[in-house]
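Novice: Mind looking over this structure? Questions follow.
Computed from the coordinates by the stated procedures, all read-outs in this text should not be read as laboratory data. Every value quoted in this text rests on a predicted model; they were computed, and no experiment measured them. Reconstructed Cβ throughout: ideal geometry from the backbone, glycine too, with neighbour counts over all protein chains shown.
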Amino acid sequence: MGETPNLQELLRDWPDRPDSLIPVLQEIQDQFHYLPEPALREVAGHLRVPLSEVFHVATFYNCFSLEPVGRHLVQVCLGTACHVRGAPRVLDRLLRDLRLGTPGTTADFEFTLRTVRCMGCCGLAPVARVDANTYPHLTQAKVPGLLKKYRRKEQAQAAD
Ligand code: FES
């Protein structure tokens, strides 16, 4: 399985018991930034857990993704308070600067852009989150500087 070269090694570190399922999935998510379907099949066999149960866990928790995601997760709030204070313009700028037509993952897997409905901090509107960091009162003009913080040095130079 080309895209999961260390899976066997990873599985060897865990007892082949069903209660290893969540930590094993977390480790695969950390290593590959998503849960490739072939890996889920191997996990099911190794831990002797039905594949349906593995898929149930993989789709139940927000921390898991069945699609490849970028190194950084950018979440833009489009809830009412953020919307009326200019979030759509911020989203447009993010899409443009990340060269995306719609929210999703950049070709280089550096960023995944998602929209969310209210982050519970409407007083900071319009607001976005990058990984665990919250950015308040965003404007289009602040977007390039925000992305620059997360780009690798060589990419930041290329984007300037
Ligand atoms: S509407 Fe954006 S944080 Fe509530």
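Novice: Starting from region 48-153, pick out the chymotrypsin sites (Phe, Trp or Tyr not before Pro) whose DSSP state is loop and whose Cβ has at most 14 other Cβ atoms within 10 Å.
Specialist: Working: sites: Phe55, Phe60, Tyr61, Phe64, Phe109, Phe111, Tyr150; in loops: Tyr61, Phe64, Phe109.
Those that pass, being in a loop and sparsely packed, are Tyr61, Phe109.
Novice: Now, a different point. Neighbouring Cβ atoms within 10 Å as the yardstick, rank Cys82, Cys63, Cys118 fewest first. If you can, show how the numbers build up before the last one.
Specialist: On the way: Cys82 27, Cys63 9, Cys118 15.
Result, fewest neighbours first: Cys63, Cys118, Cys82.
Novice: Among Leu146, Pro15, Thr105, which residue has its Cα furthest toward the positive end of the charge dipole of the chain, with +1 on Lys/Arg Cβ and -1 on Asp/Glu Cβ?
Specialist: Among Leu146, Pro15, Thr105, the one farthest towards the positive end of the dipole of the chain is Leu146.
Novice: Turning to a different aspect of this structure: Quote the charge dipole size of the chain about the Cα centre in Debye, to the nearest 20; the model charges only the Cβ of Lys and Arg (+1) and of Asp and Glu (-1). Intermediate values should be presented prior to the final figure.
Specialist: Details: 19 positive and 18 negative charges, 207 e Å.
Using only the charged Cβ atoms, the result is roughly 1000 debye.
Novice: Can you sort Thr106, Thr134, Thr112 from fewest to most other Cβ atoms within 10 Å of each residue's own Cβ? Before the final figure, lay out the partial values.
Specialist: Details: Thr106 17, Thr134 13, Thr112 23.
Ranked by crowding around the Cβ, least crowded first: Thr134, Thr106, Thr112.
Novice: List the cysteines in the chain whose Cβ has no other cysteine Cβ under 4.7 Å from it.
Specialist: Cys63, Cys118, Cys121, Cys122
Novice: With a cut-off of at most 10 other beta carbons within 10 Å, and DSSP calling the residue loop, which trypsin sites (Lys or Arg not before Pro) in region 1-86 qualify? Please list them.
Specialist: On the way: sites: Arg12, Arg41, Arg48, Arg71, Arg85; in loops: Arg48, Arg71, Arg85.
Sparse-neighbourhood loop trypsin sites (Lys or Arg not before Pro): Arg48.
Novice: In whole Å, what is the distance between the alpha-carbon centres of region 23-82 and region 133-148?
Specialist: Value for the Cα centre distance between the two parts: 28 Å.
Novice: Can you check how the C-alpha radius of gyration of the chain compares to 2.2 N^0.38 Å, as a plain ratio? Please report the intermediate quantities before stating the final value.
Specialist: Numbers: Rg = 18.4 Å, N = 160, 2.2 N^0.38 = 15.1 Å.
Against the compact-globule rule of thumb, the ratio is 1.22.
Novice: Measuring from the lowest to the highest alpha carbon on each principal axis, how far does region 72-159 reach, largest first, in angstroms?
Specialist: For region 72-159, the Cα extents along the three principal axes come out at 36, 22, 21 Å.
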